[in-house]
Amino acid sequence: MSKVYDYLDERLSISELKKFAGKKTVPLHKYSFWYYWGGISLLCFLIQLVTGILLIIYYKPGPDAYNSVRSLTYDVDFGWLIRSAHSWSATIFLVSVFVHMFSVYFMKAYRKPREFGWWSGMALLILGLLFGFSGYLLPMDQLSFVATKVGLAIPENIPLVGHTIANLMRGGLEVSEITVQRFFAWHAVVLPLLYLPLLMFHLFLVQKHGNAIPPSEEDVPMEKRKSIPFFPNFILKDLAMWLVTLNAIALVASLFPPDLGKVTDPLGPAPAGVHPEWYFMSSFETLKLIGKVIPGMLGEAAGITIFTLGLVLWCLVPFFDTSSPKGRNGRYATYFGIFCLGVLLVTTLLGYVAG
Amino acid sequence: MASVGDESCQTYSGASERMSEEIMAVSPEDPGENEISRLNFIKVAVGGMCLAYAAAVGYPIYRYLNSPVQREAALSAVKDVTLAGADKLEKGAVLLFKFGPYPSMLIHHKDDSWVAFDAVCTHLGCTVQYHPEQDKIVCACHGGVYDSHTGANVSGPPPKPLTRFQIKVANGAVTVTRA
Ligand code: FES
């Protein structure tokens, strides 16, 4: 055993890595719990990678999409479980990504020198949402068909270029099997190719700068701050969280596997109570609400503008909340965060209650 | 154990220092029997848990990947196949058909005898073909030759004769049966 270790160590300098990891510490304070959510997101992403590859083995994009998902769900041994795990892990992935994002926001971990961590994280979030949107169509059942039609109305409303963009995404004037083929290419090739290097960059930055401490901790004098070693203590705790997450996904995936709706009927009317996946519910509901105040295309445009502005502001927070630990700037950023979180939660809830 | 404790005192700070002090308190100099058996127990328990998780994740994945294999295996268990209209096959002609998942051939010889073989070459599994002019079964992959009446391997690399099936020619169909 030690011979093998020596062999590897001489060539890969494992002991240097161990020494490095041993010196690294993770701050310990009453908000430490929120440090785990990036790791949970990472685990979910890895599960998505594995289950996604497994699904590709039987999935056929294009005209056979629906039938291949049906036989995968009902004929292939444990196919329902792999599909269910992919679907549930996607949900838990986005939940943990949102928790991660808001905890980073409220701990003000986007401040110098971590701005690029914040921006790469925002880009990863947007890619994650695109993963969700493109993946949702792939089974090509009635609901996913309608949801995609509705969802594509958003790029449709971008002034001047919107129509062209929506048509290019659809591969036609209507959602069809050509759209499924395209969405599959996005979902399984383009997005992972964009996501993986960005994720590496994001993780590299976390390694480089270490965990940020919240402003409340900054008031504590240096010698009173507590920390735990990254290796093995933090890693072990991280692994424990992974185990909890894995168990949770296994539990919900086996108890509540997703159904497959009726096959898409391009001429059929939209079924009642159409609503998007929960992570688009807020924007869906907000557009609906604004539409009530400002009817017609103008309302739609106003909604999209507000969303885009909000997102831009959200991304630019490192600029208007500079590194001064206290003071007015910092407070405004916090208020803005609470406001955004509130709007997201309330509109999502409204969407479900009203829907 | 003591040396590990020392090391962590130097490199670790804060909380872990207290932790290693606790360990030292339990085992001041060298670890007692109890300490070692407890460590072994933890090792075995953690290892066992890892194995259990690997199995719980691996088993569904294996079954998932193996699903089509299993279905074909079920298919290949069929004992006979009825070829409708095959009794009209001309003399000197061949009919290729699937017996379960495997390609097979039915030959109606010029002397009015009927034979059916497994068309999978016994060498490396290429599908063989019937050459009526030479009245031989030939494998194009490495030049294996079989007797078209008995299926015996005549020349080339094939190590074994082709598997021969039983045949019942009736009015309107030929039934091929595996022994
Ligand atoms: S496979 Fe037929 S001769 Fe080699």
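Work out the mean other chain Cβ neighbour count within 10 Å for the residues of B:60-69 and drop it here as an integer. Walk me through the numbers on the way to the answer.
Numbers: counts 9, 6, 2, 5, 13, 7, 3, 9, 5, 0.
Rounded to a whole number, the mean comes out at 6.
Check residue A:226: other-chain or 5+ apart residues with amide H under 5 Å from its amide H, H built from backbone geometry?
Under 5 Å from the amide H of residue A:226: A:28.
Over every pair of different alpha-carbon atoms in the stretch A:72-190, take the mean of 1/r and invert it; report that Kirkwood radius in Å.
On the way: mean 1/r = 0.0610 Å⁻¹.
By the Kirkwood definition, the hydrodynamic radius is 16.4 Å.
Can you show me the helix-derived [θ] at 222 nm for chain A, built from DSSP H runs with n ≥ 4 at -39,500 (n - 2.57) apiece and divided by the number of residues, rounded to the nearest 500. Before the final figure, lay out the partial values.
Numbers: 17 runs with 244 residues, N = 355.
The helix contribution divided over chain A gives -22500 deg cm²/dmol.
Given A:149/A:262; A:3/A:23; A:60/A:149; A:30/A:112; A:149/A:288; A:30/A:208, which pairs have Cα atoms separated by over 19 Å?
Numbers: A:149/A:262 16 Å; A:3/A:23 25 Å; A:60/A:149 21 Å; A:30/A:112 22 Å; A:149/A:288 16 Å; A:30/A:208 23 Å.
Where the Cα-Cα span goes over 19 Å, the pairs concerned are A:3/A:23; A:60/A:149; A:30/A:112; A:30/A:208.
How far is helix A:142-151 tilted off the main Cα axis of chain A, in degrees rounded to 10, range 0 to 90?
On a 0 to 90 degree scale, this one is about 70.
Apply the Karplus curve 6.51 cos²θ - 1.76 cosθ + 1.60, θ = phi - 60°, to the phi angles in the stretch A:168-174 and return the couplings in whole Hz, x for Gly and Pro.
Rounded to whole hertz, the list is 5, 5, 6, x, x, 8, 10.
Which of the peptides A:13-19, B:124-130 is most tightly packed, and how do the rest follow, judged by the mean count of other Cβ atoms within 10 Å per residue? Mind dumping the intermediate values first?
Details: A:13-19: 12.1, B:124-130: 16.1.
With the highest mean Cβ count within 10 Å placed first, the list reads B:124-130, A:13-19.
Mind jotting down the distance between the C-alpha centroids of the stretch B:152-173 and the stretch A:269-312, whole Å?
About 70 Å separates the Cα centre of the stretch A:269-312 from the one of the stretch B:152-173.
What angle do you read, to the nearest 10 degrees and between 0 and 90, between the alpha-carbon axis of helix A:328-354 and the longest principal axis of chain A?
For A:328-354 against chain A, the angle is about 40 degrees.
Please rank B:102, B:62, B:146, fewest neighbouring Cβ atoms within 10 Å first, as an exposure proxy. Please report the intermediate quantities before stating the final value.
Working: B:102 16, B:62 13, B:146 25.
So the ranking, lowest neighbour count to highest, is B:62, B:102, B:146.
How would you order A:193-205, A:177-189, A:128-140, B:36-48 from highest to lowest mean count of nearby Cβ atoms within 10 Å? Numbers along the way, then the final one.
Values: A:193-205: 14.8, A:177-189: 19.2, A:128-140: 22.0, B:36-48: 10.7.
The densest-packed peptide leads the list: A:128-140, A:177-189, A:193-205, B:36-48.
Using each residue's phi in the stretch A:118-123, evaluate 6.51 cos²θ - 1.76 cosθ + 1.60 at θ = phi - 60° and report the 3J(HN,Hα) Karplus result to the nearest Hz, with x for Gly and Pro.
Result, rounded to whole Hz: 5, 5, 5, x, 5, 5.
May I ask you to derive the FRET efficiency for residue A:340 and residue B:75 from their Cβ-Cβ distance with R0 = 45 Å, giving the value to the nearest 0.05?
For residue A:340 and residue B:75, the calculated efficiency is 0.20.
If you project the alpha carbons of the stretch A:275-355 onto their three principal axes, what span does each projection cover, largest first, in Å?
Result for the stretch A:275-355: principal-axis Cα extents of 43, 26, 19 Å.
Any idea how far the Cα center of the stretch A:53-82 sits from the one of the stretch B:41-90, in Å?
First find each Cα centre; the distance between them is then 16 Å.
Would you kindly calculate the mean projected area, averaged across all directions, of the convex hull enclosing the Cα atoms of the stretch A:11-111, in square nanometres? Provide the component values of the computation, followed by the final result.
Numbers: hull surface 43.4 nm².
With the hull built on Cα positions only, its mean projection is 10.9 nm².
If the cut-off is a Cα-Cα distance under 13 Å, which aspartates and glutamates reach residue B:91, setting aside same-chain residues fewer than 8 apart in sequence?
B:111, B:112, B:133, B:135
Along the stretch A:242-252, what does the Karplus equation 6.51 cos²θ - 1.76 cosθ + 1.60 (θ = phi - 60°) give for ³J(HN,Hα), rounded to whole Hz, x for Gly and Pro?
Karplus-based 3J(HN,Hα) across the stretch A:242-252 equals 4, 5, 4, 4, 4, 5, 4, 5, 4, 5, 5 Hz.
If you average 1/r over every pair of different alpha-carbon atoms in the stretch B:80-178 and take one over that average, what Kirkwood value in Å do you get? Please list the in-between numbers first.
Working: mean 1/r = 0.0749 Å⁻¹.
About 13.3 Å, per the Kirkwood formula over Cα pairs.
If you take the C-alpha gyration tensor of the stretch A:242-322, multiply each eigenvalue by 5 and take the square root, what semi-axes do you get, largest first, in whole Å? Write down the numbers at each step before the final one.
Details: eigenvalues 206, 151, 16 Å².
Listed largest to smallest, the semi-axes of the stretch A:242-322 are 32, 27, 9 Å.
Quick one: Debye curve from the C-alpha atoms of the stretch A:210-355, no solvent, what's log10 I(q)/I(0) at q = 0.12, 0.16, 0.20, 0.21 Å⁻¹?
Those come out to -0.90, -1.14, -1.23, -1.25, one per q.
Give me the three principal axis extents of chain A from the C-alpha atoms, as integers in angstrom, largest value leading.
Sorted from largest, the Cα extents of chain A read 69, 57, 35 Å.
Could you compute how fast the stretch A:141-277 diffuses translationally, taking Rh as the Kirkwood radius over C-alpha pairs and applying Stokes-Einstein at 20 °C with viscosity 1.002 mPa s? Give it in µm² per second. Walk me through the numbers on the way to the answer.
On the way: Rh = 20.1 Å.
It comes out at roughly 106 µm²/s.
No lab work stands behind these numbers, since they all come straight from the coordinates. The structure presented is a predicted model; accordingly, all values stated were derived computationally and were not measured. Cβ atoms come from the backbone with ideal geometry, glycine included; neighbour counts cover every protein chain shown.
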